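The values are calculated or read from the model by the stated rules, or taken from the named source; none is laboratory data. Bear in mind the structure is a predicted one, so any value in this text is a computation, not a measurement. Please note: Cβ atoms are built from the backbone with ideal geometry, for glycine as well, and neighbour counts cover all protein chains shown.
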Amino acid sequence: MVQVLLSNNLYLCQEIMGHSDICVRRDHFLSGFTWMALSSPSCSHVDGVKKLKGLRYRNMSSQIVGKFSRNSQDISQEFQLPSAYESAMEALSTLITQKKRNGTSAISGPNQKLDRMLRYIKILGLEEKIADLKIIHVAGTKGKGSTCAFSEAILRECGFRTGLFTSPHLIDVRERYRLDGMDICQENFLQYFWECWNQLKANISEDLPMPPLFQFLTVLAFKIFVSEKVDVAIIEVGLGGKLDSTNVIKEPVVCGITSLGMDHMETLGDTLGQIASHKAGILKPQIPAFSVPQLSEAMEVLQERANALKIPLEVVAPLTLEKLNGTRLSLSGDHQLSNAALAVSLCKSWLRSTGNWERLFEDAYEENSLPEQFLRGLSAARLSGRAQIVVDPLINASGGNKRLSGGLTFYLDGAHSPESMYACARWFSAAAVERKDLSLSSVTSVVETMDRAWTNGNIKHCHNQESEEILKRVLLFNCMDARDPQILLPKLVDTCASSGIYLSKAIFVPSISAYTKVTSATSAIPSYTPGKDLSWQFNVQRIWERIIHGKDVLDQNLKLNASAGLPPREFLYEETSHCSAEDRYFASSAVFPSLPLTINWLRDCVRENPSLRLQVLVTGSLHLVGDVLKLLRRQRFILKFEVDGIDEVAQSGSIISQLIELCYSVEILPSLFQI
């Protein structure tokens, strides 16, 4: 008898699987299996959390027992991943009108986009229904997603049914749509998706084609939130504000502007004032507006817009430790104090405007304190790929008291602008040092390992550190060619160095995600694509070597050398000063041909040396961060086997892999299999 134990925490299951579909339907009952599960609220069409009083996403649980009576080959033949969802992804991919991020939109004219958006909304019969949504609308350069995540968590803790629309997604498009803190389940997504798709497809004409991708996803957000009867919809602007697809919202309850900086300049303009003008476009007459502190050039534009609309623009100071009253923000980094403060102001304003503040709190709270529900929300919000720490559980496991391998920890942040790279470097510098005392020498239980493996920077300390560990900090980097690595990389290096943190190696790798295709959490991932163009990665590597050595040390011949294969393991231990143009691999950096090969190479390095601890900073692109998360989540199951009374921690084998695939196909994650 083999018993396989997986975590039964529903929120953790979402983080692991990239799925919120912890639900079972009768049509998924399978011969040879017995399944028992609790349904996810995202799939159950429950009208509001008031019917689920006291139930929160972070402490829901799912208990599923499966009795397996077939061999792994039977499973692989009979239970394939759902094809209907992949069909929806293929349909979405046809809506991509730009072949690269900074390409020219197929829609021209300043007002044509919003005019078409209104026509799409009218076709779907959503015009009046959107007006009834109680919306929080948020624009900005940095921190939009974090502010929205904080706001959603706060209002959910206050007892409201929440809807959250953010972008981009990292692994699966359903991440963009959260209901009560959970990604919409596959079943409901497909229902709303095809309803929108078929209605729009039936009404296209020469002057009204199918909407481009983001417009369709925005219309779909309105469809979902209206149909699910959310109490509050938190809507993150996609790009800019004034001409963004979300700006068909005519009367939000409250608007917020997060920190502004230089980004998307090809679309928004090359000055901070021009960018601020676009962001200020979401402000509306008679609607309260809030902003974090801005540089004077940006603040002047925001204030000018507010004055023209005759509305007050309240500037929100960052939260203080006193106001948090010992609560630790769930999202890491000093910059999150500003995002959290803006979220608090937006939620207070929303509660007052909707008449709920007095009902809930009766003005019992002073300005210097926060309600308990607010504090719980600030400590529970989640946002993948931003200041997120992932301990690789395939590596960081042990048998009894013996270390099986070294340690591999990924620090993920999708920073891709100078301002966000500065914030990323400050966070990594603090987090990398803070984790120095985290022991990887023992694993007391599978659940504890899972709990500490996926965090947004919350460090759980342990004091059983083994001696003579070798610590290496490695940069895993890629950025889109619309970005300037000559600005991003020096900002990263200098900020880390100012805190005494130095990256011993840098690996440059192409992303898996393609700008021209929408994929899902279960889409195929090629381990290597022969003939992949790596010229951009070599350009970035040359910039890195110039930063490290103060001069150009690379030539075109390196491209031929790198194509010969991956670096030897010794690459990690070589001193940067040993760099030589005659060497096959430069001591401070390398170009790898694919991300899966890179992850496997890092794993092999720490498997070979139990004393080696790798801290890998993944940054430069949300696409890269999402690809890393997708790879890790597919392979990251710590499985506790009890075989003849002997405990051992093992990596997933072929049978377990088939069971995991089965979990995807029936949209559940088991907390317990009995084989």
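Miscellaneous remarks
- Count - residues of segment 394-426 that are part of a loop (DSSP other than H, G, I, E, B), at pLDDT 95 or above and closer than 17 Å to Leu602 by Cα: 0
- Complete set of residues in segment 259-276 that are within 20 Å of Leu342 (Cβ to Cβ) and not in a loop (DSSP other than H, G, I, E, B): Ser259, Leu272, Ile275, Ala276
- Filter result (touching a residue at least 24 places away in the same chain (Cβ under 8 Å), within 30 Å of Leu92 (Cα to Cα) and in contact with a helix residue (DSSP H, G or I) (Cβ under 9 Å, 6 or more places away or on another chain)) within segment 477-507: Phe477, Asn478, Cys479, Met480, Asp481, Ala482
- Some residue of segment 308-315 being over 26 Å from Glu372 (Cα atoms) and under 31 Å from the mean Cα position of the chain (by Cα): yes
- Exactly one residue out of Ala233, Ala202 is buried (at least 24 other Cβ atoms within 10 Å of the Cβ) and among the small types (Gly, Ala, Ser): that is Ala233.
- Looking only at segment 473-497, residues that are crowded, with 18+ Cβ neighbours inside 10 Å, under 22 Å from the mean Cα position of the chain (by Cα) and charged (D, E, K, R) come to 1 in all.
- Filtered by the rule that a residue be under 19 Å from Asp244 (Cβ atoms), among the aromatic types (Phe, Trp, Tyr) and in a helix (DSSP H, G or I), segment 166-223 gives Phe214, Phe216, Phe222.
- Residues (assigned to a helix (DSSP H, G or I) and among the β-branched types (Val, Ile, Thr)) located in segment 325-351: Val344
- Of the residues making up segment 141-156, not a single one is farther than 22 Å from Ala289 by Cβ, among the β-branched types (Val, Ile, Thr), in contact (Cβ under 8 Å) with a residue 40 or more places away in the chain and in a loop (DSSP other than H, G, I, E, B).
- Conditions (1) at positive phi; (2) over 25 Å from the mean Cα position of the chain (by Cα); (3) at pLDDT 90 or above; number of the one not met by Ser349: (1)
- Selection within segment 352-393: residues that are polar (S, T, N, Q) and farther than 30 Å from Gln615 by Cβ. The member of this set that is modelled with the lowest pLDDT is Asn368.
- Here the condition is being loosely packed, with under 14 Cβ neighbours inside 10 Å and either hydroxyl-bearing (Ser, Thr, Tyr) or assigned to a helix (DSSP H, G or I) (or both); of Asn368, Asn307, it holds for Asn307 alone.
- Qualifying residue in segment 192-199 (condition: assigned by TED's automatic domain parsing to the domain that holds Leu375, over 27 Å from Phe374 (Cα atoms) and without any contact (Cβ under 8 Å) to a residue 24 or more places away in the chain): yes
- When each of Ala131, Ala88 is tested for being touching a helix residue (DSSP H, G or I) at 6+ places or on another chain (Cβ under 7 Å), in a helix (DSSP H, G or I) and either at pLDDT 80 or above or over 30 Å from Met299 (Cβ atoms) (or both), the lone residue that passes is Ala88.
- Residue count for segment 499-515 satisfying the condition of being in a loop (DSSP other than H, G, I, E, B) and aromatic (Phe, Trp, Tyr): 2.
- Tally of residues being assigned to a helix (DSSP H, G or I) and surrounded by fewer than 20 Cβ atoms within 10 Å (Cβ to Cβ) across segment 277-291: 1
- Meets criteria (surrounded by fewer than 22 Cβ atoms within 10 Å (Cβ to Cβ), in contact with a Cys (Cβ under 6 Å, 6 or more places away or on another chain) and in contact (Cβ under 8 Å) with a residue 24 or more places away in the chain) for Glu187: yes
- Looking only at segment 126-170, and only at residues there that are aromatic (Phe, Trp, Tyr) and within 22 Å of the chain's Cα centre (by Cα), the one that is surrounded by the fewest Cβ atoms within 10 Å (Cβ to Cβ): Phe165
- Among the residues of segment 498-515, those that are closer than 21 Å to Val591 by Cβ, surrounded by 13 or more Cβ atoms within 10 Å (Cβ to Cβ) and under 26 Å from the mean Cα position of the chain (by Cα) comprise Leu503, Lys505, Ala506, Ile507, Phe508, Val509, Pro510, Ser511, Ile512, Ser513, Tyr515.
- Matching residues in segment 606-620 - criterion: being polar (S, T, N, Q) and at pLDDT 95 or above: Gln615, Thr619
- Hey, Leu346 farther than 14 Å from Val254 by Cβ and touching a residue at least 12 places away in the same chain (Cβ under 8 Å) or not: no
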